[in-house]
Structure formats: structure tokens, C-alpha cells
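FYI, it's all coordinate maths here, none of it is from the lab. Please read these numbers as outputs of a predicted model, since none were measured by experiment. Quick reminder, even Gly has a Cβ in these numbers, built from the backbone with ideal geometry, and neighbours come from all protein chains shown.
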Amino acid sequence: MSAADPLIRTEAVSKVYNPHRPDVVRAVQEVSLEIPRGDVAVLQGPSGSGKTSLLSLVGCMSRPTSGRVYVAGDDVTRLSEQALTEVRRRRFGFIFQQFHLIPDLSVLDNVVLPLYAVPMSFAAMKRRAEPILERLGLAAAQGRMVRQLSGGEQQRVAVARALINEPDAVIADEPTAHLDRELSLELLTMLAELNRAGTTVIIATHDPLVVEHPMVGTTVAMRDGRVVGGEPA
């Protein structure tokens, strides 16, 4: 696959919750899009617009009800759960709204957690983690318990954990939702640096601070599960 080919491509994907019931929810409706390698793509829209459901589809966290999802040229739509988990582990790192760190584990232990699914010794995990911790200013804090850290430090731990499996893309769902402006800008600076180093970044957000950031290459505006506008890279 050439570098010019998209990392992510969807063909008329839809996601329906509670089908054939009165409380049916058509979260994503026939969305086709491409996200190039090395892009920063933002899925934007108000709550209930479908952006988080679409993010889950492109990050292989859920399956479409119909349509197809391609990752690095491979159709992942009908893979087994085990194979889909492997694609998710190899291709993506995830940053969640509330970080989902384990407060009574150390920084290092939190960062290497995604590697426990890989046949790798703890010493090898630590060697993998050390340059990432150094890069994010966490080297001196790697033995501290997460509960002892500031909000900004916890944010960097979450980013380090997203990078530990050396992903093609970092997926971030409303990453600034619970952060003040200063921490939000710090996170966006980190994501921009990751992108300059070659990592694709895909963000679902309704935060204008994210949407208007100069690093953003592609915007996909959503409403009621459909794409209603956007700007390609």
C-alpha cells in the first residue's frame, strides 16, 4: 500500500442500535469517508450527532450494521472478534475522555498495560516505554502512583499509554471535555507533535478549540448520523 492511500476508508457505513424496536437509534447513516495517512481528522458535531459512533467504527471498537470499513486497505468489516482485536491492538492507540487510568498502579504499569496481550517480558515492555516516557516528560515519575499525579501529568500518562503499541493512528474521543483551557492546549500541542512525527490522529469533538486548531487537516461535520459538511486535507 502506498503512502498516498488512505489509512481509513468507509463505504456507506451505518450503525443502528435496537433495530426492529420502537426505541431504534440510527446513530450513523451511510457515511463514506477517507482519512489519509498522516492526517489530523476531526469528526465534529453536537451530542447525538453520531461522531462518537463513527469514531468507534473507524477505530474497530464496534462493527457497522451495514457498509464496509477498510483499515490500511484491508476490509475489517467481517473479521472474527480475535482478528478485529488484533487490528485494533496493532493499528490504534486510544485516548478517552476520562483517561481510564488505574490510580493505584504506577505510571509505568499504566503505560505498559496494552502490551500484556503481547508475548513480551516486562523488561522488554519497560524498554519500549522508556523513550515514550522521556519524550513526554514522565521519566522521573514512572514509579509514582497515578493517584499522586496532577491532572496534566495524568493526561501525559494517557497519551503515553496510547503510544505504547506504536500505532498508526491515535483515536481520541472528546479528549478535552473535562479539561480546562490550559490543559486542553497542552494536549493539543502533544497531539500536534505526534502528528508531525508521522502518527495519524482522529478526534471526535464538539470543542471549537480542537476544531479550529491549525494542526487539523480534515473536518467531518455530522448531524443526526449523517455527514453534513467538512473540509478535506
Exercise. Once you charge only the Cβ atoms, +1 for Lys and Arg and -1 for Asp and Glu, what is the size of the charge dipole of the range 6-231 about its Cα centre, to the nearest 20 debye?
Worked result: 500 debye
Problem set entry | Value of Rg/Rh across the range 6-231 [Cα atoms, Kirkwood radius] | 0.97
Seminar exercise, completed: Within the range 156-233, DSSP-loop GluC sites (Glu not before Pro) with at most 11 other C-beta atoms within 10 Å are GLU212
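Sum up the charges of everything whose Cβ sits under 15 Å from the Cβ of GLN148, counting Lys and Arg as +1 and Asp and Glu as -1, but leave GLN148 out.
Details: positive: ARG144, ARG147, ARG156; negative: ASP104, ASP109, GLU153.
So the surrounding residues net to 0.
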Problem set entry | Neighbour-count ranking [beta-carbon atoms within 10 angstrom, fewest first] of PHE92, PHE99 | PHE99, PHE92
Problem set entry | the range 138-161 versus the range 1-78: alpha-carbon centroid distance in Å | 32 Å
Problem set entry | Tilt relative to the chain, helix 151-163 - C-alpha long axis, 0 to 90 degrees, to 10 | 70 degrees
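What net charge is computed for the residues neighbouring TYR17, neighbours being all others with C-beta under 10 Å from the C-beta of TYR17, Lys and Arg scored +1, Asp and Glu -1? It would help to have the intermediate numbers written out before the result.
Numbers: positive: LYS15, ARG21, ARG26; negative: ASP23.
Residues close to TYR17 contribute a combined charge of +2.
Would you mind calculating the gained length between GLN82 and GLU166 on full extension (0.36 nm times residue separation, minus the Cα-Cα distance), in nm to one decimal? Write out the running numbers ahead of the final one.
Details: separation 84, 0.36 × 84 = 30.24 nm, distance 1.96 nm.
Using 0.36 nm per residue and subtracting the Cα-Cα distance, I get 28.3 nm.
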Problem set entry | Computed [θ] at 222 nm, deg cm²/dmol, the chain (DSSP H ≥ 4; -39,500 (n - 2.57); rounded to nearest 500) | -9000 deg cm²/dmol
Problem set entry | DSSP-defined beta bridges in the range 6-231 - what % are antiparallel, rounded to 5 | 55 percent
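Any chance you could run the full-extension gain for ALA192 through HIS178? It's 0.36 nm times the residue separation minus the Cα-Cα distance, nm to one decimal. Intermediate results must be reported in sequence, preceding the final value.
Working: separation 14, 0.36 × 14 = 5.04 nm, distance 1.95 nm.
Extra length available between ALA192 and HIS178 comes to 3.1 nm.
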Exercise. Under 5 Å between amide H atoms, partner at least 5 residues away or on a different chain: which partners does VAL40 have, H built in plane at 1.01 Å?
Worked result: VAL201, GLY217, THR218
Exercise. Viscosity 0.890 mPa s, temperature 25 °C: Stokes-Einstein D of the range 1-114 from its Kirkwood Cα radius, in µm² per second?
Worked result: 156 µm²/s
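Counting Lys +1, Arg +1, Asp -1, Glu -1, what net charge surrounds LEU179 among other residues with beta carbon under 11 Å of its beta carbon? It would help to have the intermediate numbers written out before the result.
Values: positive: ARG181; negative: GLU174, ASP180, GLU182, GLU186, ASP207.
Once positives and negatives cancel, what remains is -4.
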